[in-house]
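K.L.:
Input: one structure, supplied below.
The values are calculated or read from the model by the stated rules, or taken from the named source; none is laboratory data. From a predicted model like this one, the values you see are computed outputs, not experimental measurements. For neighbour counting, all protein chains shown are included, and Cβ atoms are generated from backbone atoms with ideal geometry for every residue, glycine included. These accessible areas exclude ligands, DNA and RNA; they are computed on the full protein's heavy atoms, side chains included. Shrake-Rupley method; radii C 1.70, N 1.55, O 1.52, S 1.80 Å.
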Amino acid sequence: MVALNGRTYTRRELAERAGMLSQFAGVRLMELGDGVERGIRMLEFRTGSGLRFTALIDRALDIADCEFKGQAIGWNSPAGFRHPGLHEYEGEGGLAWARSFSGLLVTCGLDHILFMNEVPADTYVYSPKATVSHSLHGRVGTIPAKLSGYGEEWRGDECVLWAEGIVQQSAVFGEDLHLIRRIEADVGGNEIRISDRVVNHGFYKTPHMYCYHINVGHPVLDQGSRYLAPIRDVVWAAHAGDNYEKQGVGYRTLSAPKLDFHEQVWQHELGADAEGKQFVALVNDRLGLGFEVATDKAQFPCLYEWQNLQAGQYALGIEPSTNHVLGNNAARERGEMIWLQHGEERRYDSTFRILDGAADIAASEARIRAISGQPADEYPAPSGNHLKIGGR
């Protein structure tokens, strides 16, 4: 049954009340037409519950806008949703990625995440290419997808909105990795489900790293908003040491926008429930509004928290990752790099959930506390204990 307008409907009952489902919900193909966004194809999802979000086909099918009942959930940076044709991957010493950085979901990978570095390219068996130079967070987020399809799918009396596409990150004498992404949302629902497969389509042994940069903005993020997670250990903080408390913002309670704020980043070790799921949420108790991310611990063993509380760029990042914050070379040295042979793949299944009201927030907090508590101290001392993780 589809829940809309305070009641439930069968498929027939809903069809009796409108000529097309699009009166209530649907997926619509659009194209942006002005400024740096000109020419980007976009899919707009409306679930009918008040959840509306857009997926940018020409930017890896990442999620751009997201709102619920007119209130923003996702983050729009001053960079806008820049057309990938304007992107300079190696610009500004690798930091030009920040000129295309905006939206609720920015995917990082497929063979590199985190800061710029240079790594051996010996697996590509091409002597002129001794190394590969990586820019910030990799290439995939500014590669257009090939749209496989989109629409609505009835499963009995339930209806699912969906889109699917393929993003190819490929080079001669280099990687040939394909991201196959499917996005789903139930008509009448408050959730976004993302199912990704990363497949080595090539015939070289190829490294793979993956991270979601999930960016929540105002009004979910506001002074007094709370970061909730089953944190068993605070592993690392970029600003640890003499500057740890300098800006007056800890990991748990967020502040209003600040001037001259320097980003703060933590890595947390999370617990998981009996099904291997881990949950992180940002909640605004004053508004009764929150946002929760559910991921699989086996797929994303690491989790970063990114705070960019600078005025005009105000955002909180939830970042599930395949690897520690130590980076690409460290993943290789520690035996934690994922190596994919031809035809091998990795799956990533995640749910983004809107928390609508105090009851939803309480349920999320209970889910998290049932797994683990979290440090009460706003400035817990980082342990430096980067646990051994998988790899191949």
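K.L.:
Roughly what percent of Cα-Cα pairs across the range 33-186 reach past 24 Å?
P.N.:
Cα-Cα pairs of the range 33-186 separated by over 24 Å account for 40 percent.
K.L.:
Against the empirical 2.2 N^0.38 Å scaling, what ratio does the C-alpha Rg of the range 1-85 come to?
P.N.:
1.30
K.L.:
How big is the dipole moment of the chain about its Cα centre under a simple scheme where the beta carbon of each Lys and Arg is +1, that of each Asp and Glu is -1, and everything else is neutral? Debye, nearest 20, please.
P.N.:
Dipole size: approximately 440 debye.
K.L.:
Round to a whole number: what % of the accessible area of the chain belongs to carbon and sulfur, probe 1.4 Å?
P.N.:
49
K.L.:
Could you tell me the accessible area of E305 in Å² (1.4 Å probe, neighbours in place), rounded to the nearest ten?
P.N.:
0
K.L.:
May I have the pair-distance distribution P(r) for the range 223-301, computed from all Cα-Cα distances with 10 Å bins from 0 and rounded to whole percent?
P.N.:
Distribution as computed: 16, 42, 33, 9, 0 percent.
K.L.:
Provide the per residue accessible area, probe 1.4 Å, for the range 1-158, rounded to a whole number of square angstrom.
P.N.:
Heavy-atom accessible area per residue stands at 47 Å².
K.L.:
Determine the calculated [θ] at 222 nm for the chain from helices alone, applying -39500 (n - 2.57) to every DSSP H run no shorter than 4 residues and normalising by the residue count; nearest 500 deg cm²/dmol.
P.N.:
-2000 deg cm²/dmol
K.L.:
In addition: Name the residue from A237, T123, L32 whose Cα lies farthest towards the positive end of the charge dipole of the chain, charges +1 on Cβ of Lys and Arg and -1 on Cβ of Asp and Glu.
P.N.:
L32
K.L.:
Can you tell me the order of 183-192, 157-166, 30-39 when each peptide is scored by its average per-residue count of other Cβ atoms within 10 angstrom, highest first?
P.N.:
Ranked from most to least packed, the peptides come out as 183-192, 157-166, 30-39.
K.L.:
What value in Å³ per residue do you get for the convex hull of the alpha-carbon atoms in the range 215-256?
P.N.:
90
K.L.:
Right, next: Sort 100-108, 120-128, 272-280 by the packing proxy (mean of other Cβ within 10 Å over each peptide's residues), most packed first.
P.N.:
So the order, starting with the most tightly packed, is 100-108, 272-280, 120-128.
K.L.:
How many angstrom lie between the Cα centre of the range 232-248 and the Cα centre of the range 294-339?
P.N.:
16
K.L.:
How much of the pair distance distribution for the chain lies past 36 Å, counting alpha-carbon pairs only, in percent?
P.N.:
Roughly 22 percent, once rounded to a whole number.
K.L.:
Decide, for the range 109-248, between rounded, prolate and oblate: order the square roots of the alpha carbon gyration tensor eigenvalues as a ≥ b ≥ c, take rounded if a/c falls under 1.5, and otherwise choose prolate if a/b is larger than b/c, else oblate.
P.N.:
It comes out oblate by the Cα gyration axes.
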